[in-house]
Amino acid sequence: MDITTDPQKPAPAPVPHQPPGKDAKRAARGATRPGDRIFLGLSRGSGIFVLVIMAAIAAFLTYRASIALSKNEANFFTTLEWNPTGTPPEFGIAVLAFGTVVSSVIAMAVAVPIAVGIALFITHYAPRKLGGLIGYVIDLLAAVPSIVYGLWGALVLVPHMEGLFGWLDEYLGWTGVFEWNQGAPRSLFTVGILLAIMILPIVTNVSREVFRQVPRMHEEAALALGATRWEVIRMSVLPFGRSGVISASMLGLGRALGETMAVAMVLSSSFEINLSLLDTGGGTFAQNIASKFNEATVMGRDALIASGLVLFVITLLVNGAARMIIGRRKEYSGANA
């Protein structure tokens, strides 16, 4: 039997679209089950807790620093003197800022190219067993305490830097930057070399993991087109891992900026700015705080906290700049290129 529609019967009216209710929204967010709600709350709470800790640290540093700065009779940013217990108190961070920046730049200039080279060798050149062995040794370097690096630097590195210092003075001393006055090699250059060794495992490990994420299809396609192994690395691996290498470098820079005990054991502290990187003396924020905090008066501790606030701000600016650089590169996706 054929069933036909009655032409006189009107067609049913369309059902209007109903906005999703609260239950549908919760289901879309995956928050209907107790486990989801607990995980969401813990995750959100953890993020807020981190922000609270950062805000508390910033508030503490700002409060104690304001007390010292209100009594300081000198320019805090340009004074080449540290005498918070004097009458009147006079102290500044020019020497500390110079030493911190110079030693960190030396460490980055030495460590980053070597770390990237090691990471590329492990992931693209070395046999599997050799790469695993080198990676294991790099991991061990990351586990060495700072005090051990400091002891090694003071007892082994410093005595063996005289040959390098003499060579630099002979061939590059005319620049003034590498002029050596035959003093003990406890200088910012030596500190930079030691910091480079300390941050090498961090930059290497992160870069290695980034290079391992390069899509295998891209490398095989480049090889099929006749590219050499170096051309594959230059055109496929390095562009894909650029953001990761920048992140790894910023992690290493963060450790170099804040390293304390190793620098204090190697550097011959003096409150002066030397144009030559090989001259004995200098200072960094962390080293100055570590060496003077125990014997400092209340005013002296507030002055040290003020210098710590500057280091805190510098670290935030460095990480912010790194995030901006990475943000510019996020449109590149190795999976879609």
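What length, rounded to one decimal in nm, is gained on full extension from LEU223 through to THR78, with 0.36 nm per residue of separation minus their alpha-carbon distance? Each step should come with its number before you reach the end.
On the way: separation 145, 0.36 × 145 = 52.20 nm, distance 5.60 nm.
Extra length from LEU223 to THR78 when fully extended: 46.6 nm.
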Over the chain, what relative contact order in percent results from Cα pairs under 8 Å that are six or more residues apart?
24
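Where the only charges are on Cβ atoms (+1 Lys, Arg; -1 Asp, Glu), what is the dipole of the range 34-104 about its Cα centre, to the nearest 20 debye? Numbers along the way, then the final one.
Values: 4 positive and 4 negative charges, 72 e Å.
Using Cβ point charges on Lys, Arg, Asp and Glu, the range 34-104 gives about 340 debye.
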Return one quarter of the surface area of the convex hull spanned by the alpha-carbon atoms of the chain, equal to its mean projected area, in nm².
33.3
Just LEU51, LEU80, LEU69 to compare: in a GNM of the chain, with alpha carbon springs under 10 Å, which one fluctuates most?
LEU51
Result row for the chain, helices from DSSP H with C-alpha axial extent 20 Å or more and mean Kyte hydropathy at least -0.5, is 34-71, 94-120, 128-143, 188-212, 242-258, 298-329
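Which length gain, in nm to one decimal place, applies between LEU155 and PHE39 when the Cα-Cα distance is subtracted from 0.36 nm times their residue separation? Mind dumping the intermediate values first?
Numbers: separation 116, 0.36 × 116 = 41.76 nm, distance 5.07 nm.
So the extension gain works out to 36.7 nm.
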Any chance you could check the Cα centroid distance between the range 89-146 and the range 216-290 for me, in angstrom?
6
Among VAL203, VAL102, VAL313, which one moves the most in a GNM of the chain with springs linking Cα atoms closer than 10 Å?
VAL313
Counting Lys and Arg as +1 and Asp and Glu as -1, what is the net charge of the other residues whose Cβ lies under 15 Å from the Cβ of VAL110?
0
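What order do you get for MET161, MET299 when you list them from fewest to most C-beta neighbours inside 10 Å?
On the way: MET161 22, MET299 17.
Ascending number of Cβ neighbours within 10 Å: MET299, MET161.
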The chain: most fluctuating residue of TYR149, TYR63, TYR136 per GNM, C-alpha cutoff 10 Å
TYR136
Could you work out [θ]222 nm for the chain from helices alone, using -39500 (n - 2.57) per DSSP H run of at least four and dividing by all its residues? Round to the nearest 500 deg cm²/dmol.
-20500 deg cm²/dmol
When the charge dipole of the chain is computed with +1 on Lys and Arg Cβ and -1 on Asp and Glu Cβ about the Cα centre, the Cα farthest towards its positive end, among LEU278, SER70, THR123, belongs to THR123
Whole-number percent relative contact order across the range 204-278, with pairs defined as alpha carbons under 8 Å at least 6 apart
37
Among GLY150, LEU80, ALA184 - extreme Cα towards positive end, dipole of the chain, charges at beta-carbon
GLY150
When PHE165, PHE98 are ranked with the fewest other C-beta atoms within 10 Å first, the list becomes PHE98, PHE165
Charge dipole magnitude, Cβ of K and R +1, D and E -1 - the chain, Cα centre, debye nearest 20
1600
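Read the figures in this text as sums done on the coordinates, not as results from a lab. These figures come from a predicted structure and were not determined experimentally. Cβ atoms come from the backbone with ideal geometry, glycine included; neighbour counts cover every protein chain shown.
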